[in-house]
């Protein structure tokens, strides 16, 4: 590595850390003021509140790392231009194109780091943060106070109230469907005791074909189900709480039950495509800053960088939304923004070369 490459690499790393720290602090501060009323209303201990916001940092850092890479590249080039270092380098026979090499290397390293970070650190911290927020603060995991719906292949069930301590359920409805999603049987029961996969229903009424005339009354009816008591109050995992392998297994589980997993497939493709934006943004930001007109300072570069980051998020979010709606394929929706900005980066690099 040349002296100039080492110089740029050190400056990039220093500015990246500074930008990341500033953005994460601002994000967490805004998040704190948005959520503190909910924590106070739920009477959550102060230590738990602090732990929650500490757990939020990895997820936030992973989301803003591409922006940090982009801005650090543009800031470093802007500072070098301000101090006439680029002119001095060019007068010594160096090319502006060669200055992109350490920036691109940083982009590759950042992409690899982000991929590993999203696989190892983010799922664990996001899962615990979401547990605190949805279960402890908003009580969405308290199935004893709300109706719970569940489904398996050929079955959609409803439990009006579940009591985890006694493994008992109240007001149960089980709807059985065939492959064409036609109702073939329905069971309504006052209560049930759940032991493993066996549900013992009491005061149950069994109807067939959706017709009330074809019914059977049971004081007690044992039903074997591929569904345990623990799964009744198990909160559904979100995509950011799962690694690639876990997300693939979750998709397979959903689809094996006969349901579509479009949203999770889009998130799976996005987990692969998103880390590469660090490389794309580093090259794009560096090339744009290097081809800027003389006199354009660091402030102009920062504004351009923020504009690029905003444009990427608009395109990426729009494509993901279209993918969730089933209008785009998961791969197309996850890779469109990367493709557009990679082409834009290639154009700037070509002009620079």
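The values are calculated or read from the model by the stated rules, or taken from the named source; none is laboratory data. Since the structure is predicted, the reported quantities are computational estimates derived from the model, not experimental observations. Every residue, glycine among them, receives a Cβ derived from its backbone with ideal geometry; neighbour counts consider all protein chains shown.
For residues that are in a helix (DSSP H, G or I) and more than 23 Å from residue 278 (Cβ to Cβ), scanning just the stretch 82-112, find the one that is modelled with the highest pLDDT.
Within the stretch 82-112, the first condition is being in a helix (DSSP H, G or I), and the residues that meet it are 82, 85-91, 97-112.
Of the ones still in play, those that are also more than 23 Å from residue 278 (Cβ to Cβ) are 82, 85-91.
Details: 82: 81, 85: 82, 86: 81, 87: 81, 88: 85, 89: 81, 90: 78, 91: 81.
It comes out as 88.
For residues that are surrounded by 18 or more Cβ atoms within 10 Å (Cβ to Cβ) and within 22 Å of residue 291 (Cβ to Cβ), tally how many sit in the stretch 311-336. Don't jump to the end; show me each part of the working.
Narrowing the stretch 311-336 to residues surrounded by 18 or more Cβ atoms within 10 Å (Cβ to Cβ): 312, 316, 319-320, 323, 328, 330, 333-336.
With the extra rule that they be within 22 Å of residue 291 (Cβ to Cβ), the set shrinks to 312.
Total meeting the criteria: 1.
Can you list the strands (runs of 3 or more DSSP E) lying wholly within the stretch 135-246 that have 3 or more residues being modelled with pLDDT of 75 or more, in contact with a helix residue (DSSP H, G or I) (Cβ under 9 Å, 6 or more places away or on another chain) and surrounded by 14 or more Cβ atoms within 10 Å (Cβ to Cβ)? Reasoning before the result, please.
On the way: elements: 148-152, 155-163, 168-177, 183-195, 198-208, 211-224.
The strands (runs of 3 or more DSSP E) meeting that bar are 155-163.
What number of residues within the stretch 28-47 are loosely packed, with under 14 Cβ neighbours inside 10 Å and in a helix (DSSP H, G or I)?
Of the residues in that region, 11 qualify.
With respect to residue 345, is the statement that it is buried (at least 19 other Cβ atoms within 10 Å of the Cβ) and over 27 Å from the mean Cα position of the chain (by Cα) true?
Details: buried (at least 19 other Cβ atoms within 10 Å of the Cβ): yes; over 27 Å from the mean Cα position of the chain (by Cα): no.
When the stated conditions are applied, residue 345 does not pass them.
Only one of these is free of Cβ contacts under 8 Å to residues at least 40 places away in the same chain, assigned to a helix (DSSP H, G or I), crowded, with 16+ Cβ neighbours inside 10 Å and within 26 Å of the chain's Cα centre (by Cα): 60, 23, 64. Name it.
Of the residues listed, the single one that is free of Cβ contacts under 8 Å to residues at least 40 places away in the same chain, assigned to a helix (DSSP H, G or I), crowded, with 16+ Cβ neighbours inside 10 Å and within 26 Å of the chain's Cα centre (by Cα) is 60.
So residue 80 clears everything in (1) buried (at least 16 other Cβ atoms within 10 Å of the Cβ); (2) touching a helix residue (DSSP H, G or I) at 6+ places or on another chain (Cβ under 6 Å); (3) closer than 29 Å to residue 54 by Cβ except one condition, right? Which one?
The number of the failed condition is (3).
Determine, yes or no, whether residue 287 is in contact with a helix residue (DSSP H, G or I) (Cβ under 8 Å, 6 or more places away or on another chain), surrounded by 14 or more Cβ atoms within 10 Å (Cβ to Cβ) and more than 16 Å from residue 74 (Cα to Cα). Walk me through how you get there before you give the answer.
Working: in contact with a helix residue (DSSP H, G or I) (Cβ under 8 Å, 6 or more places away or on another chain): yes; surrounded by 14 or more Cβ atoms within 10 Å (Cβ to Cβ): yes; more than 16 Å from residue 74 (Cα to Cα): no.
No, not satisfied.
Any chance the stretch 301-323 includes a residue that's in the same structural domain as residue 95 (by TED's automatic domain parsing), in contact with a helix residue (DSSP H, G or I) (Cβ under 9 Å, 6 or more places away or on another chain) and assigned to a loop (DSSP other than H, G, I, E, B)?
No - not one qualifying residue is present in the stretch 301-323.
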